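Structure first, commentary second.
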Amino acid sequence: DSGVTQTPKHLITATGQRVTLRCSPRSGDLSVYWYQQSLDQGLQFLIQYYNGEERAKGNILERFSAQQFPDLHSELNLSSLELGDSALYFCASSVVGGRAQETQYFGPGTRLLVL
Amino acid sequence: GENVEQHPSTLSVQEGDSAVIKCTYSDSASNYFPWYKQELGKGPQLIIDIRSNVGEKKDQRIAVTLNKTAKHFSLHITETQPEDSAVYFCAASYQGGSEKLVFGKGTKLTVNP
């Protein structure tokens, strides 16, 4: 158990809908990362938040957005869903960014199926 | 941007044999190279990592080597066991304002009893 929690574990929805994925980082971790894992693209970095502020963006679609709240939990919002958005979505957390790269601890993921 | 190539995509070994997975990266500024193990239905779990100021690191049956000149790093698992069967991912990152990881495509390792 990494200490990172994600809810829900599974999500089934229809095209055009909007969903929210939730992540609670490990106690004391300030950084939250979101990754998408699909069969053809592997693990792709979406976005990083550090202590409530966006720190880096990766291959995140405009239909997707995220935020990190004062209690450091994070939510990933996916809207106007398409079939191709079906994937595993992982949240990871680390202590920081600081001078040295910190270990990222991954949650168990949310499996999204868009029908 | 950073690109990480990982080989092989699948690897099958007999229990007790060694397994080697290789990765190359494109950005010479990369300075952190973790390896993750992902079991079915679970999130990736860090098994070992290496930083650019070190050439080799070992933890029991697992070792990682880094060749900065050639921009490649490898995972070595000795005395493999059936519970080592999983998908292994290499990743690279550099500390340049973001700590995002760029992952390889993964290697499915099967250890046959």
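Filter region B:33-92 down to residues that are small (Gly, Ala, Ser) and within 22 Å of A:Val4 (Cβ to Cβ) and give me whichever is modelled with the highest pLDDT.
For region B:33-92, the residue satisfying everything is B:Ala86.
Which one of these does B:Tyr94 not meet: (1) surrounded by 19 or more Cβ atoms within 10 Å (Cβ to Cβ); (2) closer than 30 Å to A:Glu54 by Cβ; (3) under 14 Å from the mean Cα position of the chain (by Cα)?
(3)
Matching residues to (1) assigned to a strand (DSSP E or B); (2) without any contact (Cβ under 8 Å) to a residue 12 or more places away in the chain; (3) at the interface with chain A (Cβ under 10 Å from one of its Cβ atoms):
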{"site": "B:Ile50", "(1), (2), (3)": "yes, no, no"}
{"site": "B:Lys57", "(1), (2), (3)": "yes, yes, no"}
{"site": "B:Thr69", "(1), (2), (3)": "no, yes, no"}
{"site": "B:Lys105", "(1), (2), (3)": "no, no, yes"}
{"site": "B:Leu109", "(1), (2), (3)": "yes, no, no"}
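So which residues in region A:3-19 are surrounded by fewer than 20 Cβ atoms within 10 Å (Cβ to Cβ) and facing chain B (nearest Cβ under 10 Å)? Before you say what the answer is, go through the steps one by one.
Let us first name the residues in region A:3-19 that are surrounded by fewer than 20 Cβ atoms within 10 Å (Cβ to Cβ), namely A:3, A:5, A:7-19.
Hit for region A:3-19 is A:Lys9, nothing else.
With respect to the numbered conditions (1) assigned to a strand (DSSP E or B); (2) at positive phi, which one is the sole condition not fulfilled by A:Ile12?
Looking at each condition in turn, A:Ile12 falls short on (2).
Of the residues that make up region A:79-88, is at least one at pLDDT 90 or above, within 11 Å of chain B (Cβ to nearest Cβ), closer than 18 Å to A:Pro8 by Cβ and in contact with a strand residue (DSSP E or B) (Cβ under 6 Å, 6 or more places away or on another chain)? Give the steps one after another, and end with the answer.
At the first step, the residues of region A:79-88 found to be at pLDDT 90 or above are A:79-88.
Now drop any that are not within 11 Å of chain B (Cβ to nearest Cβ), which leaves A:88.
Then keep just the ones that are closer than 18 Å to A:Pro8 by Cβ; that gives A:88.
From what is left, the residues that are in contact with a strand residue (DSSP E or B) (Cβ under 6 Å, 6 or more places away or on another chain) are A:88.
Looking for residues that are at pLDDT 90 or above, within 11 Å of chain B (Cβ to nearest Cβ), closer than 18 Å to A:Pro8 by Cβ and in contact with a strand residue (DSSP E or B) (Cβ under 6 Å, 6 or more places away or on another chain), one finds at least one in region A:79-88, hence yes.
If I filter region B:20-44 down to residues being under 20 Å from B:Asp84 (Cβ atoms) and out of contact with any Phe, Trp or Tyr (no Cβ under 9 Å at 6 or more places or on another chain), which single residue comes out as surrounded by the most Cβ atoms within 10 Å (Cβ to Cβ)?
Looking at residues that are under 20 Å from B:Asp84 (Cβ atoms) and out of contact with any Phe, Trp or Tyr (no Cβ under 9 Å at 6 or more places or on another chain), I get B:Val20.
The values are calculated or read from the model by the stated rules, or taken from the named source; none is laboratory data. Since this is a predicted model, take the numbers as computed values, not measurements. Please note: Cβ atoms are built from the backbone with ideal geometry, for glycine as well, and neighbour counts cover all protein chains shown.
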